[in-house]
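Below you'll find the structure, written out as structure tokens, and then a few comments.
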Amino acid sequence: MTRRSMTKRAAIVTATVIVAVGTVGTVAATAGTEAPGKPAKKEIAGLFNGWNAALRTGDADTVADRYAKDAVLLPTVSNKVRTDRAGIVDYFEHFLQNKPVGKKVHTIINVLDSDSAIDTGVYEFTLTDPDTGAKHVVEARYTYEYEKRGGQWKIVNHHSSAMPEG
């Protein structure tokens, strides 16, 4: 082997090592930085079940815990727009007196990314009059906008309005 061929081989080996080390370094540096996958539509649909279970506790604070600190609530049976926890708690203190039991009638889920989704459709609530015990059903359109914050799904926007033709 000539001096020139040895120099050439040494250069090729050195270049190969540099490329290999650079590739391993890049893979190691980017490992774990991938965004988590989008949640399944079933997971987002199930968030309503958690909210509905919170209603069944009868505790307005438990329900309000499902909402982000900066959430907006446009409720079904109130004309007031609720834009803070105190307003959301106030609404549910009154709404929960009717012992609401919710049920989805039609739902459309749109998963936007790994940390945000929209659940919209129609639900109905069976409400019980606190004075007479009489039950009646209110059908309403709804939209829940969810964001994952601190690893937990929170409602950031909730709009509910009684069906105009119902």
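The values are calculated or read from the model by the stated rules, or taken from the named source; none is laboratory data. Small disclaimer: the values here were computed from a predicted structure and weren't measured. Every residue, glycine as well, gets a Cβ built from its backbone with ideal geometry; the counts of neighbours run over all protein chains shown. Side chains are part of the model used for accessible areas, which takes the heavy atoms of the whole protein and leaves out ligands, DNA and RNA. Shrake-Rupley method; radii C 1.70, N 1.55, O 1.52, S 1.80 Å.
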Those residues of the stretch 110-127 which are open to solvent by 20 Å² or more (accessible area, probe 1.4 Å) and under 20 Å from Pro75 (Cα atoms), in sequence order: Ile118, Thr120, Val122, Glu124, Thr126
Residue list for the stretch 83-116, filter: in contact (Cβ under 8 Å) with a residue 60 or more places away in the chain and closer than 14 Å to Trp51 by Cβ: Thr107
Every residue from the stretch 55-77 that is more than 16 Å from the chain's Cα centre (by Cα), closer than 21 Å to Val122 by Cβ and open to solvent by less than 30 Å² (accessible area, probe 1.4 Å): Leu55, Pro75
Check on Lys80, over 18 Å from Gly50 (Cα atoms), at pLDDT 95 or above, loosely packed, with under 13 Cβ neighbours inside 10 Å and in contact with a Ser or Thr (Cβ under 7 Å, 6 or more places away or on another chain): no
Among (1) more than 26 Å from Gln152 (Cα to Cα); (2) surrounded by 15 or more Cβ atoms within 10 Å (Cβ to Cβ), the one test that His136 misses: (2)
